[in-house]
Amino acid sequence: MLTVAPASPSRCAHRVVENDVGAMRQLVKFASLPALIGVTFIVLVSLPARAAELVMFEQAGCPWCARFDRDIAPVYKKTEEGLRAPLRRVDIDKPLPSDLAFLQVVRFTPVFVLVDKGREIGRIRGYPGEESFWMQLAVLVQKLDAAESGGERARRSEKPMRLMS
């Protein structure tokens, strides 16, 4: 039982009686644990699965990287592809991050690599322009879908691509 006593007869402030401090700490400890678990669950459920990412290998002074930044980067994170595979930038002049050690190192930029759960799904070498980038990315996303569904069902639903002259 939590007991509260006046701090002094002349003040309205109250203090916790020393004997009940331990009981109060236990109450706070157990009352907050379910709340913490509940909040954590809600946050985790509301976040999208972010296993896939589009890794962009770039370097300072790359004119094609700058063109990508102008044409695609401002809208990418708002697209379905961007929500599904957020863009991650890697400078080729710096050490390769350890979680990307499975990727073949590139020496020219830009190169876009779609990765998922520690494996490469596919690449776009260079920046071919806005329209071609989105088409090539769509093919990579289809490969991602095929990999996630075990492959067979997604491959049957793919339509052959027609090359435009």
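Bear in mind that the values in this text are calculations on the coordinates, not laboratory data. As the structure is a prediction and not an experimental result, all values here were calculated from the model. A quick note on method: Cβ atoms are made from the backbone with ideal geometry, for glycine too, and the neighbour counts reach across all protein chains shown.
Brief remarks follow.
- Within the stretch 52-157, DSSP assigns beta bridges of which about 70% are antiparallel (rounded to the nearest 5).
- Amide H contacts of GLY126 (H built 1.01 Å from N, under 5 Å, at least 5 apart or other chain): VAL111, PHE112
- Sum of side-chain charges, PHE133 neighbourhood, beta-carbon under 13 Å (Lys, Arg +1; Asp, Glu -1): -1
- Annotation for the stretch 84-133: trypsin sites (Lys or Arg not before Pro) lying in DSSP loop with at most 12 further Cβ atoms inside 10 Å of their Cβ are ARG107, LYS117.
- Counting Lys and Arg as +1 and Asp and Glu as -1 over every other residue whose Cβ lies under 12 Å from the Cβ of PHE112, the net charge comes to 0.
- Overall, the anisotropy analysis places the stretch 52-157 in the oblate class: the square-rooted eigenvalues a ≥ b ≥ c of its C-alpha gyration tensor yield a/c not less than 1.5, with a/b not exceeding b/c.
- In order through the stretch 84-101: 3J(HN,Hα) via Karplus (6.51 cos²θ - 1.76 cosθ + 1.60), integer Hz, x for Gly, Pro: 6, 9, x, 7, 10, 9, 10, 7, 6, 8, 10, x, 5, x, 4, 6, 10, 4
- Amide H within-cut-off set for GLU58, under 5 Å, with H built and near neighbours excluded: VAL90, ASP91, ILE92
- Net charge over other residues, Cβ less than 14 angstrom from the Cβ of PRO97 (K, R count +1; D, E count -1): -2
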